[in-house]
Amino acid sequence: MAKMIIAGNWKMFNNIQASIELVSGLKRLVTANPGCEVVVCPPFTSLEAVGNYLKDSPIKLGAQNMHFEENGAFTGEISAEMLLSVGCVYVILGHSERRAIFGESDELINKKIKKALSKNLLPIFCIGETLQERESNITFDVIKKQVTEGLAGISADDMLKVVVAYEPVWAIGTGKTASPAQAQEVHAFIRNLLGQLYNSTVAAAITIQYGGSVKPENAVELLGQPDINGALVGGACLKADSFNSIIEAASK
Ligand code: 13P
């Protein structure tokens, strides 16, 4: 059975002070045994402070991006080692904003996933189709390409450490959520594809999160779908009480 994981992607929000305020609210609300894995992904500049604050709490720390090289002359980039040194357990890779705004390709994302795995950082690997792709009826082709190329050369053992996040681009930040049936259809497709690329044990064990306008109001129904094992939350994770409501929905 796949583990239920609720992760909050803070994106480019919150300086250190605001980060500590948010996470102190969360620490108060999230119970000692939340019933699902809880992850927060603050911006790089807040990782260390948030990581220190969360020591002795069940909430895990994740980053939003990473470079694929060990180190070197890559101005403005952050390495896996650096993320580990501030206490990161997870790293979001291939988010649609990285793909669309910063031109990240499947090949580049594949390199990042491999690097993260080699360092024992757990990748949250994001995939998803645009509105235009959905309307052209190529959603499954797009997902298949992203999964196949993003995971090329990754062994079944390593794959067990990867979390997949299905985030339809048209549902991100738009308030327009995929219906539970629409999301479930793609999640089932992804799990089936993982079964073909790996085996049925891997397919069953992998957490496939849904992301895109997840809110307390729609979380129960989305998370109740058989192939949805968690959520990658943007806007609604920036308030402790709404993020905690989603965590409670997942724990049911
Ligand atoms: P929203 O929840 O704001 O739609 O963002 C989703 C997302 O991109 C999480 O990575």
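With the structure loaded, tell me whether LYS161 is surrounded by fewer than 18 Cβ atoms within 10 Å (Cβ to Cβ) and either among the hydroxyl-bearing types (Ser, Thr, Tyr) or at pLDDT 95 or above (or both) or whether it fails that test. Considered against the rule, which asks whether it is surrounded by fewer than 18 Cβ atoms within 10 Å (Cβ to Cβ) and either among the hydroxyl-bearing types (Ser, Thr, Tyr) or at pLDDT 95 or above (or both), LYS161 comes out as yes.
Restricting to helices (runs of 4 or more DSSP H) lying wholly in the stretch 104-197: which have 1 or more residues that are touching a residue at least 40 places away in the same chain (Cβ under 8 Å)? Lay out the reasoning, then the answer.
Values: elements: 106-118, 131-135, 139-150, 156-159, 180-197.
Passing ranges, in order: 106-118, 139-150, 156-159, 180-197.
Condition test on ALA236, is it within 9 Å of the ligand (Cβ to nearest atom) and in a helix (DSSP H, G or I)? Steps first, answer last, please.
On the way: within 9 Å of the ligand (Cβ to nearest atom): yes; in a helix (DSSP H, G or I): yes.
Yes: the conditions hold for ALA236.
Of all residues in the stretch 100-110, none satisfies being within 22 Å of THR45 (Cβ to Cβ) and away from the ligand (no atom under 16 Å from the Cβ).
Take the residues in the stretch 208-224 that are within 12 Å of the ligand (Cβ to nearest atom) and within 17 Å of GLU129 (Cβ to Cβ), then tell me which one is farthest from the chain's Cα centre (by Cα). Across the stretch 208-224, the extreme among qualifying residues is SER213.
Every residue in the stretch 38-48 that is crowded, with 18+ Cβ neighbours inside 10 Å and away from the ligand (no atom under 16 Å from the Cβ), please.
Keep residues of the stretch 38-48 that are crowded, with 18+ Cβ neighbours inside 10 Å, which gives 38-43, 46-47.
If the condition is that a residue be crowded, with 18+ Cβ neighbours inside 10 Å and away from the ligand (no atom under 16 Å from the Cβ), then SER46, LEU47 are the ones that fit.
Of all residues in the stretch 4-34, those satisfying the criterion of being more than 16 Å from the ligand (Cβ to nearest atom), outside any helix (DSSP H, G or I) and touching a residue at least 60 places away in the same chain (Cβ under 8 Å) are MET4, VAL30, PRO34. Among the conditions (1) within 11 Å of the ligand (Cβ to nearest atom); (2) open to solvent by less than 10 Å² (accessible area, probe 1.4 Å); (3) closer than 17 Å to ILE5 by Cα, the only one that ALA178 does not satisfy is (3). Do the conditions hold for ALA183, that is, is it under 15 Å from the mean Cα position of the chain (by Cα) and either open to solvent by less than 20 Å² (accessible area, probe 1.4 Å) or within 18 Å of VAL40 (Cβ to Cβ) (or both)? Spelling it out, it is not the case that ALA183 is under 15 Å from the mean Cα position of the chain (by Cα) and either open to solvent by less than 20 Å² (accessible area, probe 1.4 Å) or within 18 Å of VAL40 (Cβ to Cβ) (or both).
The values are calculated or read from the model by the stated rules, or taken from the named source; none is laboratory data. What you see is a predicted model; the values in this text were computed from it and never measured. Cβ atoms come from the backbone with ideal geometry, glycine included; neighbour counts cover every protein chain shown. Ligands, DNA and RNA are excluded from the accessible area calculation, which covers all protein heavy atoms including side chains. Shrake-Rupley method; radii C 1.70, N 1.55, O 1.52, S 1.80 Å.
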